[in-house]
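The values are calculated or read from the model by the stated rules, or taken from the named source; none is laboratory data. Just so we're clear, the structure is a prediction, and the values are computed from it rather than from any experiment. No Cβ is skipped: glycine too gets one built from the backbone with ideal geometry, and neighbour counts run over all protein chains shown. Heavy atoms of the whole protein, side chains included, go into the accessibility calculation; ligands, DNA and RNA do not. Shrake-Rupley method; radii C 1.70, N 1.55, O 1.52, S 1.80 Å.
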Amino acid sequence: MQSCLSNNFMIEKFNFDIQLIFAILNGKVSAAINRKLYRNFRQNGLEISPEQWTVLIYLWEKDGVTQQELCNATFKDKPSMTRLIDNMERLHLVVRISDKKDRRTNLIHLTKSGKEIEERTRDIVEQTLKEALEGISLEELGIAHEVLKRIFTNIKD
């Protein structure tokens, strides 16, 4: 009860614009960064999406994983991951290979093309994040990180 009262007091004290806070927490910042990243990939001749990039990051660190492992790592559901992998196969970035131990399971592996774009992609992402974080101090970024982490912990299933 005390925690609830102090939270209500906090909200009233700072007179938050609930719509603005909800927009931020609901992904407006993430969507804006994704749009910029998408444009930057295209301008540099990479035909990948930010969602595909999140899968590639994981595979660059650990190649040959199950679709479920990719779902868990990227917070995507199975149908979304299936579509992502299908599109990445069409782009010749990944390939599905049956697991020798369990042929019902496919392991997702990077292709040569998928491996070759790693450095270029990381450079583009780094530049995009530099643009997005311009004028924000490390201290401010750390505070934002802690606040968002707490919010996530509060509502996590």
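Things worth noting here:
- Subset tally (residues that are farther than 23 Å from Arg103 by Cβ and surrounded by fewer than 13 Cβ atoms within 10 Å (Cβ to Cβ)) for the range 55-82: 3
- Leu141 open to solvent by less than 90 Å² (accessible area, probe 1.4 Å) and outside any loop (DSSP other than H, G, I, E, B): yes
- Of everything listed in (1) touching a helix residue (DSSP H, G or I) at 6+ places or on another chain (Cβ under 6 Å); (2) of a type outside the set (Phe, Trp, Tyr); (3) farther than 13 Å from Ile117 by Cα, the single unmet condition for Leu93 is (3).
- Any hit, the range 55-62, residues being within 28 Å of Ile151 (Cβ to Cβ) and β-branched (Val, Ile, Thr): yes
- Residue list for the range 82-134, restricted to those being free of Cβ contacts under 8 Å to residues at least 24 places away in the same chain, more than 14 Å from Leu37 (Cβ to Cβ) and of a type in the set (A, V, I, L, M, F, W, C): Val95
- Residues that are farther than 24 Å from Ile155 by Cα, of a type outside the set (Ser, Thr, Tyr) and in a helix (DSSP H, G or I) within the range 25-45 comprise Arg35, Lys36, Leu37, Arg39, Asn40, Phe41, Arg42, Gln43, listed in sequence order.
- So Arg104, is it at pLDDT below 95, surrounded by fewer than 12 Cβ atoms within 10 Å (Cβ to Cβ) and over 29 Å from Lys156 (Cβ atoms): yes
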